[in-house]
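Beneath this line is the structure, given in C-alpha cells, with notes to follow.
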Amino acid sequence: MRRREFIKIFSGSAVILPLAARGQQVAKKPIIGLLGSTTASVESQRVAGFVQRLGELGWIEGRNIAIEYRWAEGRNERYSEIAAEFARLGVDVIVTQGTAAIMAAKRATSIIPIVFAAANDPVATGIVASLARPGGNVTGLSQGTDLATKRLQFLREVVPAFGDLAIIVNIGNSGAVLEMHEVQAAATKLGVKIVTLEIKRAEDIAQAFETLRDHAQALYVCVEPLVNSNRDLINTLALGARLPTMYGVREYVEAGGLMSYGQNLPDQYRRAAELVNKILRGMKPADIPVEQPTKFELVINLKTAKALNLKIPPTVLTFADEVIE
C-alpha cells in the first residue's frame with residue numbers, strides 16, 4: 001500500500017471512530033410517562049416516593065431517565081387523551097393507578113409496558129389475566145382484599161348505633177362499582193342495610209344527598225376521580241347531614257372527612273418504582289406477578305369527629321396511624 005493511500009484511510013478512520021464512540025455515549029434516556037388521576041399537589045407525596053426509590057435503584061431523573069408528568073385532574077375523559085399522548089411520544093413505561101386510567105392506557109397501547117401502583121381487583125376488572133401471570137403488557141400492585149369489611153368494622157366501633165349505611169358511587173366507573181359490590185357484601189355479613197347513592201356527574205351529588213334525608217347513619221364513599229374532584233362538596237354535605245364518612249384514601253380525611261383506611265399509597269408508588277426498574281432492565285410485565293400491599297393506614301380527623309359530636313374510642317385511636325387535630 002502506498003504511503004499516501006494509508007494516510008487517507010487512517011485519516012478517514014480517525015473521523016469515523018470518534019463519531020461511532022460518541023454515538024454510543026449519547027444513548028437515549030428511558031422515558032417514564034406518569035399519568036396522575038388528580039393533581040400534582042394531591043399526589044405529591046406518592047410521586048416523591050416514586051422518584052426517590054427510582055434514584056435509589058440508579059435511575060436519576062434528568063440524568064439517565066426522564067419523566068413526563070400528566071394530570072387528569074379528576075376528569076375521566078383525560079385518561080384516554082393522556083394515554084394516547086404517551087403512545088405517540090413512545091415512552092418506555094407508563095405508570096398510573098385506578099381502573100379507569102389503567103384501562104385507558106391498555107386501549108392506547110399493547111406494546112408499551114404499563115405499571116399500576118394501585119388497582120381494585122385487577123383480575124375481576126380485566127386488567128390482568130391472573131395475579132401470578134399477568135400476561136400482556138401490564139403489571140403492578142393491587143389495593144388488597146376485604147378492605148370493605150375492615151372499614152365497616154372501624155365505622156361500627158366509632159358509630160355503634162348505625163344500622164343503615166349510605167354508599168355514594170360513580171356508577172360510570174367500573175372500579176367504583178366493584179368496590180360498591182364489595183361493601184354491599186360486607187354490609188350483609190355485618191347485618192347493615194344499604195342505601196345506594198348513584199352519581200354520574202358532579203351535579204348529581206347534591207341531589208343524591210337530598211334523596212337520602214335521614215335514611216342512614218353513616219356514609220361510605222367509593223373513591224375515584226369524580227368523587228376526588230368534589231371531595232370538599234361531599235364532606236360539606238355529609239357534615240351538614242350529620243353523617244360520619246369512611247374513605248379508602250387519606251387525602252379525603254385531610255379535606256374534612258372523618259376516617260380512611262387503605263393501602264399506604266406513597267409506599268405503593270415506591271414499590272411501583274421497583275417494578276419499573278425490573279422492566280427497564282429487561283424483564284417483561286407479563287413475567288412480573290402482581291403484588292399485594294404490605295402497608296395499610298388508618299387516618300382519623302378529630303376536628304370532624306368533634307363537629308359530629310363523636311367520641312373516638314381509645315382503642316381506635318391507638319390503632320390509628322395518623323390523627324388530624
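By counting other Cβ atoms within 10 Å of each Cβ, how are 142, 44, 37 ranked from fewest to most?
Ordered by Cβ neighbours within 10 Å, fewest first: 44, 142, 37.
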**Asked** For the stretch 145-192 and the stretch 65-103, what is the separation of their C-alpha centers, rounded to whole Å?
**Response** 30
**Prompt:** For the stretch 74-214, which semi-axes, largest first and in whole Å, follow from the square roots of 5 times the eigenvalues of its Cα gyration tensor?
**Reply:** 33, 19, 10
**Request:** Report the semi-axes of the equivalent ellipsoid for the stretch 139-190 in whole Å, largest first, where each axis is √(5λ) for an eigenvalue λ of the Cα gyration tensor.
**Result:** 22, 14, 9
**Message:** Under the rule of at least 5 residues apart or a separate chain, name every residue whose amide H is placed under 5 Å from the amide H of residue 199.
**Reply:** 169, 170, 171
**Asked** Based on the Kirkwood radius over alpha-carbon pairs, what value in µm²/s does the Stokes-Einstein equation return for the translational diffusion coefficient of the stretch 174-299 at 37 °C and 0.692 mPa s?
**Response** 198
**Asked** Using a basic spin-label model with each label point 7 Å from the Cα along Cα→Cβ, how many nm lie between residue 310 and residue 107?
**Response** 3.7
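What FRET efficiency would be calculated for the residue pair residue 153, residue 75, taking the C-beta separation as r and a Förster radius of 35 Å, to the nearest 0.05? Could you put the intermediate results ahead of the total?
On the way: r = 34 Å, r/R0 = 0.97.
The formula returns an efficiency of 0.55 here.
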**Asked** Hey, got the Cα dimensions of the stretch 45-118 along the principal axes, in Å, largest first?
**Response** 33, 25, 17
**Asked** Which cross-chain or sequence-distant (5 or more) residues have an amide H under 5 Å from the amide H of residue 249, H modelled 1.01 Å from N in plane?
**Response** 261
**Prompt:** Which whole-number percent gives the relative contact order of the chain, counting Cα pairs below 8 Å spaced six or more residues apart?
**Reply:** 19
**Asked** What's the lysine pair count for the chain at a Cα cut-off below 25 Å, pairs eight or more apart or interchain?
**Response** 18
**Beta bridges by DSSP in the chain, antiparallel share as percent, to the nearest 5** = 10
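Calculated from DSSP H runs of 4 or more alone, at -39500 (n - 2.57) each and per residue, what is the 222 nm mean residue ellipticity of the chain, nearest 500? Numbers along the way, then the final one.
Working: 13 runs with 147 residues, N = 325.
The per-residue figure over the chain is -14000 deg cm²/dmol.
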**Prompt:** How big is the equivalent ellipsoid of the stretch 266-325 along its three axes, where each semi-axis is √(5λ) from the Cα gyration tensor, reported in whole Å from largest to smallest?
**Reply:** 40, 10, 8
**Fill in**
Per 10 angstrom bin, beginning at 0 and ending with the bin that holds the maximum distance, the Cα pairs of the stretch 98-171 fall in percents of 17, 39, 22, 16, 5, 0
**Request:** Give the long-range amide H neighbours of residue 144: residues separated by 5 or more places, or on another chain, with amide H under 5 Å away, using H modelled in the peptide plane at 1.01 Å from N.
**Result:** 121
**Message:** Spelling out what I want: for every residue of the stretch 123-137, take phi, set θ = phi - 60°, compute 6.51 cos²θ - 1.76 cosθ + 1.60 (Karplus), and round to whole Hz; glycine and proline get x.
**Reply:** 7, 4, 8, x, 6, 10, 6, 7, 5, 6, 10, x, x, x, 10
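Compute the signed sum of charges (Lys and Arg +1, Asp and Glu -1) over the other residues within less than 13 Å, Cβ to Cβ, of residue 134. Write down the numbers at each step before the final one.
Working: positive: 106, 133, 278, 284; negative: 287, 291.
Neighbour charge sum, excluding residue 134 itself: +2.
Taken together, the values in this text are just the output of simple stated rules run on the coordinates, not laboratory data. Note that the structure is predicted; figures quoted are calculated from it, not measured. No Cβ is skipped: glycine too gets one built from the backbone with ideal geometry, and neighbour counts run over all protein chains shown.
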